[in-house]
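Visitor: Sharing a structure here in structure tokens format.
Just so it is clear, none of the values below were taken in a lab; they were calculated from the coordinates. Bear in mind that the values here come from a model prediction, so they are computed numbers and not experimental data. Here the Cβ is made from the backbone with ideal geometry for all residues, glycine too, and neighbour counts use every protein chain on show.
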Amino acid sequence: MKGYIHSFETFGTVDGPGVRFVVFLQGCTMRCLYCHNPDSWCGGGTPYEACDVLEKMTRNIAFYKTGGLTVSGGEPLLQLDFLIELFSLAKVQNIHTCLDTSGITFDKNDKALVGKFDQLLSLCDLVMLDIKHIDKDEHIKLTGHSNEHVLNFAMYLNEKKIPMRVRHVIVPEITYKEEYLRALGAFLKGFSNIEKIEVLPFHKMGEVKYEQLGIECKLKDTPQLSDIEVKKAYEIIKSAM
């Protein structure tokens, strides 16, 4: 089965444990204001068979003994069948698999879809879940979508005991507010599957891509937060947990 690939990273060190081969899939339904890969939003990408993607990794498998395979995006869950095939092939070779996702496509009321999610999660060693905003209305402003599916997916991962890392980007005047950080911590309180909370500062690395694509960068004048502010945000979340 073909998947549509945005890009590869052959020496990833921030997308899961150890050194990882990272596959960025093309396509995303959300339009996050702080997205640094707007070129991954729409269709296109380079078509690859799942076996060919894995072969690109395994030709240098010695590099990934401490890590494994991470699939990110865009939004990788838009190519769910391809993900299942790719992770199936990886598990045959005992490769650690990690999914980096927003969980936006999860729908607990769609039994057929949940069945496919169960199939994927049985092949997944770790999920890095990007919770964009804990407030529903603010999530819509930030991404164009409600956070209902995202939060339901987080709870489903906990129910299924799938190891999870929570990622949360902090942006001045958007997510970097104590009330929202405390609400996020309160939501995560009691989860037993969380390995790590990663608080990430908004950055402007993708600004040039917006210019190249002719897309307005709405956070162009937004300042980046300091390490001290990032640490403070993390501490607020943890204290509420």
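Visitor: For the chain, set up a Gaussian network in which alpha carbons nearer than 10 Å are linked by springs, and say which option among Asn37, Asn94, Asn109 fluctuates the most.
Guide: Among Asn37, Asn94, Asn109, the largest mean-square fluctuation in the Gaussian network model of the chain belongs to Asn109.
Visitor: Next question. Can you work out the PRE-style zone for Asn158? Point 7 Å along Cα to Cβ, and I want the residues of segment 193-207 with backbone N under 13 Å.
Guide: 193-195
Visitor: Additional query: Which distance in nm do the two modelled labels at Lys231 and Glu173 give, with both placed 7 Å along the Cα-to-Cβ direction?
Guide: If labels sit at Lys231 and Glu173, their model points lie 2.7 nm apart.
Visitor: Which order do the peptides 233-240, 215-222 come out in when sorted by mean C-beta neighbours inside 10 angstrom, highest first?
Guide: My ranking of the peptides, most packed first, is 233-240, 215-222.
Visitor: Turning to a different aspect of this structure: For the chain, what is the percent of antiparallel DSSP beta bridges, rounded to the nearest 5?
Guide: 25
Visitor: Now, a different point. Roughly how big is segment 89-132's charge dipole about its Cα centre, with Cβ charges of +1 (Lys, Arg) and -1 (Asp, Glu), in debye to the nearest 20?
Guide: 100
Visitor: I need to check one value: relative contact order of the chain, counting alpha carbon pairs closer than 8 Å and at least 6 residues apart, in percent.
Guide: Once divided by the residue count of the chain, the mean separation gives 17 percent.
Visitor: Which value in deg cm²/dmol, rounded to the nearest 500, describes the helix-derived mean residue ellipticity at 222 nm for the chain, given -39,500 (n - 2.57) per DSSP H run of n ≥ 4 and division by the residue count?
Guide: The helix contribution divided over the chain gives -10500 deg cm²/dmol.
Visitor: So which cysteines of the chain have no other cysteine's Cβ under 4.7 Å from theirs?
Guide: Cys28, Cys42, Cys51, Cys98, Cys124, Cys217
Visitor: Tell me which residues come under 5 Å, amide H to amide H, from Lys2 once H is placed; ignore anything under 5 positions away on its chain.
Guide: none
Visitor: Glu198's amide H: which non-local residues (gap 5+, or another chain) put their own amide H closer than 5 Å, with H modeled 1.01 Å from N in plane and none for Pro or chain starts?
Guide: Answer set, sorted by chain and number: Val166, Arg167, His168.
Visitor: Return the single residue from Lys111, Lys196, Lys177 with maximal mean-square fluctuation; model: Gaussian network over the chain, springs between Cα atoms under 10 Å.
Guide: Result for the chain, Cα springs under 10 Å: Lys111 fluctuates most.
Visitor: Can you list the GluC sites (Glu not before Pro) in segment 108-197 that are in a DSSP coil and have 11 or fewer other beta carbons within 10 angstrom?
Guide: Glu173
Visitor: For a quick size check, give me the Cα extents of segment 74-181 along its three principal axes, largest first, whole Å.
Guide: Result for segment 74-181: principal-axis Cα extents of 46, 27, 25 Å.
Visitor: What residue among Ile170, Ile197, Ile61 has the largest mean-square fluctuation in a Gaussian network model of the chain, using Cα springs under 10 Å?
Guide: Ile61
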